[in-house]
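The values are calculated or read from the model by the stated rules, or taken from the named source; none is laboratory data. Being a predicted model, the structure only gives us computed values, none of them experimental. Neighbour counts are summed over all protein chains in view; Cβ atoms, including those assigned to glycine, are modelled from backbone coordinates with ideal geometry.
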Amino acid sequence: MKRFFDLLLAIAAAVVLALPIALAALMVRLTSPGPALYWSDRVGRHNRIFKMPKFRSMRIGTPAVATHLLQDPKVYLTPIGSFLRKSSLDELPQLWSILVGDMSFVGPRPALFNQDDLVALRTECGVHELVPGLTGWAQINGRDELPIPEKVKLDVEYLRRQSFWFDIRILWLTFVKVIRRDGVSH
């Protein structure tokens, strides 16, 4: 049921958002050298590595670490990078990851391939059994600002409470957070 919902919603979103997706890609290409998409190595279900696309908001050559680990993340942003991140438009290419089954609309956010502490704690708690999501319970309860143990605690809560209606609630709360630009630090 969840996979069917993901496919249906991803196809509908891709059709409705085709113009904004095309415009965002064009703006990335026009404002900085390099490709419009950045393919990030992420940890998926069962700790399998997959390539997750995002609109490139950082300059070519930025270290492949979580943004909060960069000494001064703003130095690495492209001219429209901050806007893409604060509006969450950089996340739109992840519709592809949902269509191919690497991600779901709702689940724990996929860890970077080198976030060993996050991956280990999620594995210990059984969260690695879930398909990662475009948004999740931890996302709407702190996003970039959560320490790893708190993030995993919320991921475990999602693992225990997951249902269609809980996913709908998380999607609605995500929409509200994106509109308000809550929890985005860079």
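Of everything in region 139-163, what is closer than 16 Å to Met103 by Cα and in a helix (DSSP H, G or I)? Give them in sequence order. Reasoning before the result, please.
Kept after step one, since they are closer than 16 Å to Met103 by Cα, are these residues of region 139-163: 139, 155, 158-159, 162.
Scanning region 139-163 gives Gln139, Asp155, Tyr158, Leu159.
Quick check on His46: is it touching a His at 6+ places or on another chain (Cβ under 7 Å), assigned to a helix (DSSP H, G or I) and not aliphatic (A, V, I, L, M)? Step through it out loud before you land on a result.
Working: touching a His at 6+ places or on another chain (Cβ under 7 Å): yes; assigned to a helix (DSSP H, G or I): yes; not aliphatic (A, V, I, L, M): yes.
Judged against the criteria, His46 is a match.
Looking at region 1-28, which of its residues are farther than 14 Å from Asp90 by Cβ and surrounded by 14 or more Cβ atoms within 10 Å (Cβ to Cβ)?
Looking only at region 1-28, we keep the residues that are farther than 14 Å from Asp90 by Cβ, and these are 1-16, 18-19, 22, 26.
Matches in region 1-28: Lys2, Phe5, Asp6, Leu9, Ala10, Ala13, Ala14.
Any idea how many residues of region 127-165 are more than 26 Å from Lys51 (Cβ to Cβ) and in contact (Cβ under 8 Å) with a residue 40 or more places away in the chain? Spell out the reasoning first.
Taking region 127-165 as the starting set, the residues that turn out to be more than 26 Å from Lys51 (Cβ to Cβ) are 141-142, 145, 147, 149-150, 153, 156-157, 160-161, 163-165.
Now narrow it down to the ones that are in contact (Cβ under 8 Å) with a residue 40 or more places away in the chain: 142, 145, 164.
Selection size over region 127-165: 3.
Which pairs have Cβ atoms under 6 Å, sit 6 or more apart or on different chains, and link a residue in region 112-126 that is part of a helix (DSSP H, G or I) to one that is of a type in the set (Gly, Ala, Ser)?
As it stands, the answer is Leu118/Ala111; Val119/Ala111, since those pairs meet every condition given.
Which members of region 108-137 meet the condition of being small (Gly, Ala, Ser), buried (at least 22 other Cβ atoms within 10 Å of the Cβ) and over 10 Å from the mean Cα position of the chain (by Cα)?
Selection gives nothing.
Scan (1) out of contact with any Pro (no Cβ under 8 Å at 6 or more places or on another chain); (2) part of a helix (DSSP H, G or I); (3) surrounded by 12 or more Cβ atoms within 10 Å (Cβ to Cβ) for the single condition Pro35 breaks and write down its number.
Checking Pro35 against (1) out of contact with any Pro (no Cβ under 8 Å at 6 or more places or on another chain); (2) part of a helix (DSSP H, G or I); (3) surrounded by 12 or more Cβ atoms within 10 Å (Cβ to Cβ), the one that fails is (2).
Would you mind finding the one in Asp90, Asp102 that is in contact (Cβ under 8 Å) with a residue 12 or more places away in the chain, charged (D, E, K, R) and in contact with a Lys or Arg (Cβ under 6 Å, 6 or more places away or on another chain)?
Only one candidate passes the filter, namely Asp90.
Inspect region 4-20 for any residue being part of a loop (DSSP other than H, G, I, E, B) and touching a residue at least 60 places away in the same chain (Cβ under 8 Å) and give the result as yes or no.
Yes, some residue in region 4-20 is part of a loop (DSSP other than H, G, I, E, B) and touching a residue at least 60 places away in the same chain (Cβ under 8 Å).
Would you confirm whether any residue within region 57-66 is of a type outside the set (D, E, K, R), at pLDDT 90 or above and either closer than 27 Å to Val15 by Cα or in contact with an Asp or Glu (Cβ under 6 Å, 6 or more places away or on another chain) (or both)?
yes
Condition (residue is within 17 Å of the chain's Cα centre (by Cα), crowded, with 19+ Cβ neighbours inside 10 Å, without any contact (Cβ under 8 Å) to a residue 60 or more places away in the chain and closer than 30 Å to Phe164 by Cα) applied to region 54-69: is it met by at least one residue?
yes
Being aliphatic (A, V, I, L, M) and either out of contact with any strand residue (DSSP E or B) (no Cβ under 7 Å at 6 or more places or on another chain) or in a loop (DSSP other than H, G, I, E, B) (or both) is the filter; apply it to region 78-103 and report the residue that is surrounded by the most Cβ atoms within 10 Å (Cβ to Cβ).
Let us first name the residues in region 78-103 that are aliphatic (A, V, I, L, M), namely 80, 84, 89, 92, 95, 98-100, 103.
Subset that is either out of contact with any strand residue (DSSP E or B) (no Cβ under 7 Å at 6 or more places or on another chain) or in a loop (DSSP other than H, G, I, E, B) (or both): 80, 92, 95, 99-100, 103.
Values: Ile80: 20, Leu92: 21, Leu95: 22, Leu99: 15, Val100: 11, Met103: 26.
By that ranking, first place goes to Met103.
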